[in-house]
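Q: For reference, the structure I am asking about is given below.
The values are calculated or read from the model by the stated rules, or taken from the named source; none is laboratory data. Given the structure is predicted, the values throughout are model-derived calculations rather than measurements. So basically every Cβ, Gly included, is an ideal-geometry build from the backbone, and we count neighbours across all protein chains shown.
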Amino acid sequence: MDVDTIAAISTGPGAGAIAMVRVSGPAAAEILLCLSPALERAPAPRTARLVDLCEPDGGEIIDRAIATYYPEPASYTGEDVVEFACHGGAIAPRLVLEACLAAGARQAEAGEFTKRAYLRGKLDLVEAEAVSDLIDARSRAFHRAALRQMERGLSTRIIGLREGLVRLEALLVHHIDFPEEDDPPVALDVIAEEAAGVVKKLDALLVTAP
């Protein structure tokens, strides 16, 4: 597991009223307090707080932002997370990020927040891939498909398919390996019905493939 604290600008480049700088890791709350000297302690969890952000060690004010603190495990990554909703544009977000890095964070790699969410069980692999698909979507159809994956639609169907296969395997093993035990062998029509159910689920899943 990662033990360092990462930070990155989480909104796209370009002019805009608001940008988001996200910090995740064990030092997230400490960095918030370092950049917000007026705060004596971290704000209440999931409560937006207006703060003046300063350069570390009491430097000049770099922006006025909304800070929200998400203590672990109730955050996107499962770690302590702080999100700064600062002013957009080319300068303010970069200055806020640089201040976070100067206060001890490391520049996050592309997709690293979602990677940490996956490693800590906040997302399964399908949901993690759906985050990327949603960001890259260029049509409403792909957007809908990515949203369904994020809602565990595909994951739920795969889990159901796996459970059906496990039941089918158990029936087959009992029928083949224990034909003379006290329990009678499983009727072939029961096995066939279970197999047909698995095939039906698999066919329904294949229909949704792009």
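Q: Quick one: which helices (runs of 4 or more DSSP H) lie wholly within the stretch 85-149 and hold at least 2 residues that are at pLDDT 90 or above and within 25 Å of Ala74 (Cα to Cα)?
A: Hits in the stretch 85-149: 92-102, 112-119.
Q: Another one. Can you tell which of Leu101, Leu97, Leu125, Leu53 is of a type in the set (A, V, I, L, M, F, W, C) and not assigned by TED's automatic domain parsing to the domain that holds Ala27?
A: Residue meeting the stated conditions: Leu125.
Q: Counting just the residues of the stretch 44-84 that are part of a strand (DSSP E or B) and of a type in the set (Val, Ile, Thr), which one comes out nearest to Glu98 (Cα to Cα)?
A: Once the filter is applied, the top-ranked residue is Ile62.
Q: Going through Asp57, Asp52 one at a time, which residue ends up being surrounded by fewer than 19 Cβ atoms within 10 Å (Cβ to Cβ), farther than 18 Å from Ile6 by Cβ and out of contact with any strand residue (DSSP E or B) (no Cβ under 8 Å at 6 or more places or on another chain)?
A: Answer to the check: Asp57.
Q: So, in the stretch 113-136, of the ones that are out of contact with any Ser or Thr (no Cβ under 8 Å at 6 or more places or on another chain) and without any contact (Cβ under 8 Å) to a residue 12 or more places away in the chain, which residue ends up surrounded by the most Cβ atoms within 10 Å (Cβ to Cβ)?
A: Once the filter is applied, the top-ranked residue is Tyr118.
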